[in-house]
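Contents: one structure, followed by commentary.
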Amino acid sequence: QVQLEESGGGLVQPGGSLKLSCTASGKIGNIYAMGWSRQGPGKQNILVARISGESDIIYGDSVKGRFTISRDVAKSTVYLQMNSLKPEDTALYYCNVHGSLGDYWGQGTQVTVSS
C-alpha cells in the first residue's frame, strides 16, 4: 500500500512563509516525478510545482518567484518552500507522485493565509 505523508500546513499572515513536506512510502517503484497541486475554495485543482528527476522543475504561473520545490531522492521526500504568501494562496495543498507503478495523491494539507 502506498502512503503519502504530508505536513507543514497551517495559518500564516500575508507575507509570511511556510514549508510543506511530503514523504512517500510503500510499493511505489521508481519515482519519476513529485509535486504539489492546490485547490482553493470554489476553484479548480491547479499545478503548483513539479520536480522530475532531481532538477527538472516547473512552476505554476501564480507562484513563480515565491515558491521553491526541492526533493530528497534518498528519502522519497518532496518539499515546497512558500515565501511571500498571499491570501489567494489559501488552499488545500496536495502532494502527488508519478512512479513506475502508478500515480498517487496525498490527503492534502491546509494552508490558510490571513491576517
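Over every Cα atom in the chain, the radius of gyration and the widest Cα-Cα span, Dmax, amount to 13.4, 43 Å.
Cross-link reach is defined here as a Cα-Cα straight distance under 29 Å, omitting same-chain residues fewer than 8 places apart; for Lys64 the lysines meeting it are Lys19, Lys43, Lys75, Lys86. Among DSSP beta bridges lying fully in the chain, give the percent that are antiparallel, nearest 5. Bridges in the chain that DSSP calls antiparallel: roughly 95 percent. Remark: the stretch 102-115, residue by residue, has Karplus-estimated 3J(HN,Hα) of x, 10, 9, 10, x, 7, x, 10, 7, 10, 10, 10, 7, 8 Hz, where x stands for each Gly or Pro and the curve is 6.51 cos²θ - 1.76 cosθ + 1.60 at θ = phi - 60°. Close amide H pairs (under 5 Å, H built 1.01 Å from N) link Leu85 with Gly15, Gly16, residues at least 5 positions away or on another chain. With contacts taken as Cα pairs under 8 Å at a separation of at least 6 residues, the stretch 44-115 carries a relative contact order of 20 percent. What separates the Cα centres of the stretch 63-106 and the stretch 1-51 is a distance of 4 Å.
When the alpha-carbon atoms of the stretch 31-79 are used, the pair Rg, Dmax equals 11.5, 37 angstrom. What is the percent carbon and sulfur in the accessible area of the stretch 59-110, measuring with a 1.4 Å probe over the protein chains and ignoring ligands? Carbon plus sulfur share of accessible area: 49 percent.
The values are calculated or read from the model by the stated rules, or taken from the named source; none is laboratory data. Note that this is a predicted model, so its numbers are computed, not measured. Heavy atoms of the whole protein, side chains included, go into the accessibility calculation; ligands, DNA and RNA do not. Shrake-Rupley method; radii C 1.70, N 1.55, O 1.52, S 1.80 Å.
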